[in-house]
Amino acid sequence: MRIFLDTANVDEIAHGVKLGVVSGVTTNPSLVSKVGCQSYQELVQKICSITSGDVSVEVIEEDASGMLAQARQISKWASNVVVKVPATEEGLEATSILTREGIRVNMTLCFSLNQAVLAALAGASYVSPFVGRLDDIGEDGMALIEDIVKVFNRYSYETRVLAASIRHPNHVLHAARVGAHVVTMPYKVLKQMIKHPLTDNGVERFLTDWRQSGSVFS
Ligand code: E4P
């Protein structure tokens, strides 16, 4: 399972890449608006220069022709860009055309197995089921990830299952257990994954014992 960061913040991405565990990025219009940008293209190119992994960049159009026009532009901004297209009827039409043109697509805002199967049949490189948003309305987001993984394996679909809308480290564990190919998470969740009080206490105790012993490092 690979880890992507779900952010448009270049400092967070640079840190994740430096840790050696982040191999891609997902953004969306809300995340971009959080950091603000004068030029969408410049921000995306900056992000794509920090990681060599896939960077999902969303179209901001509702109809297929608008999505196609933006997607074709976005795909030229960097070689590691994947265009994010919503799992709507218009999005499906755009995805089918884009994949035939060799432009990689991440079908986003996926909330059902049906949508995921259609994304795979349209040739999407990734499908992004939103776990947290399903949990928010009393549904079981991880059960959907599990279902999609099973069905994709059964039919050998090549579309990667990218668990999105991750809210806490338990979501990450669960996604790993059910076989998600990628989990995209906020920077905060990555930091939470690293942290364990016993590790911190252990490091402190080892250092204290060493210093008190008067031992010499050489
Ligand atoms: C995925 O690619 C989306 O950007 C993201 O995971 C949405 O998560 P949210 O529900 O926390 O906004």
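Take the residues of the range 184-203 that are in a helix (DSSP H, G or I) and within 14 Å of Val17 (Cα to Cα): which is farthest from the chain's Cα centre (by Cα)? Walk me through how you get there before you give the answer.
The initial filter retains those residues of the range 184-203 that are in a helix (DSSP H, G or I), namely 187-194, 197-203.
Right, trim to within 14 Å of Val17 (Cα to Cα) and you get 187, 190-191.
Details: Tyr187: 11, Leu190: 12, Lys191: 16 Å.
Of everything passing the filter in the range 184-203, Lys191 is farthest from the chain's Cα centre (by Cα).
Rundown of residues vs (1) modelled with pLDDT of 95 or more; (2) on the phi > 0 side of the Ramachandran plot; (3) away from the ligand (no atom under 14 Å from the Cβ), yes/no style:
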| residue | (1), (2), (3) |
| --- | --- |
| Phe4 | yes, no, no |
| Glu12 | yes, no, no |
| His15 | yes, no, yes |
| Lys18 | yes, no, yes |
| Thr26 | yes, no, no |
| Ser33 | yes, no, no |
| Cys37 | no, no, yes |
| Glu42 | yes, no, yes |
| Lys46 | yes, no, yes |
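Name the residues in the range 108-160 that are among the aliphatic types (A, V, I, L, M), free of Cβ contacts under 8 Å to residues at least 40 places away in the same chain and either in a loop (DSSP other than H, G, I, E, B) or within 16 Å of the ligand (Cβ to nearest atom) (or both), would you?
Passing the criteria: Leu109, Ala122, Ala124, Leu134, Ile137, Met142, Leu144, Ile145, Ile148.
Just to be sure, is Ile194 within 16 Å of the ligand (Cβ to nearest atom), surrounded by fewer than 20 Cβ atoms within 10 Å (Cβ to Cβ) and of a type in the set (Val, Ile, Thr)? Spell out the reasoning first.
On the way: within 16 Å of the ligand (Cβ to nearest atom): no; surrounded by fewer than 20 Cβ atoms within 10 Å (Cβ to Cβ): yes; of a type in the set (Val, Ile, Thr): yes.
Here the answer is no, as Ile194 does not meet what is asked.
Please name all residue pairs, on different chains or six or more residues apart, with Cβ atoms under 8 Å, provided the first residue is in the range 185-211 and is touching a residue at least 40 places away in the same chain (Cβ under 8 Å) and the second residue is assigned to a helix (DSSP H, G or I) and β-branched (Val, Ile, Thr).
Filtered contacts from the range 185-211: Met185/Val172.
Looking for something buried (at least 21 other Cβ atoms within 10 Å of the Cβ), more than 20 Å from Val21 (Cβ to Cβ) and more than 16 Å from the chain's Cα centre (by Cα) - is there at least one such residue anywhere in the range 136-150?
Yes, because at least one residue in the range 136-150 is buried (at least 21 other Cβ atoms within 10 Å of the Cβ), more than 20 Å from Val21 (Cβ to Cβ) and more than 16 Å from the chain's Cα centre (by Cα).
Restricting to the range 77-97, name every residue that is more than 14 Å from the chain's Cα centre (by Cα), away from the ligand (no atom under 14 Å from the Cβ) and either surrounded by fewer than 24 Cβ atoms within 10 Å (Cβ to Cβ) or in contact (Cβ under 8 Å) with a residue 40 or more places away in the chain (or both).
Trp77, Ala78, Ser79, Thr88, Glu89, Glu90, Leu92, Glu93, Ser96, Ile97
Please work out which one of (1) surrounded by 19 or more Cβ atoms within 10 Å (Cβ to Cβ); (2) within 16 Å of the ligand (Cβ to nearest atom) is the condition Ala64 fails and give its number.
Ala64 satisfies every listed condition except (2).
The values are calculated or read from the model by the stated rules, or taken from the named source; none is laboratory data. Note that the structure is a prediction, hence the values are computed from the model and not measured. Neighbour counts are summed over all protein chains in view; Cβ atoms, including those assigned to glycine, are modelled from backbone coordinates with ideal geometry.
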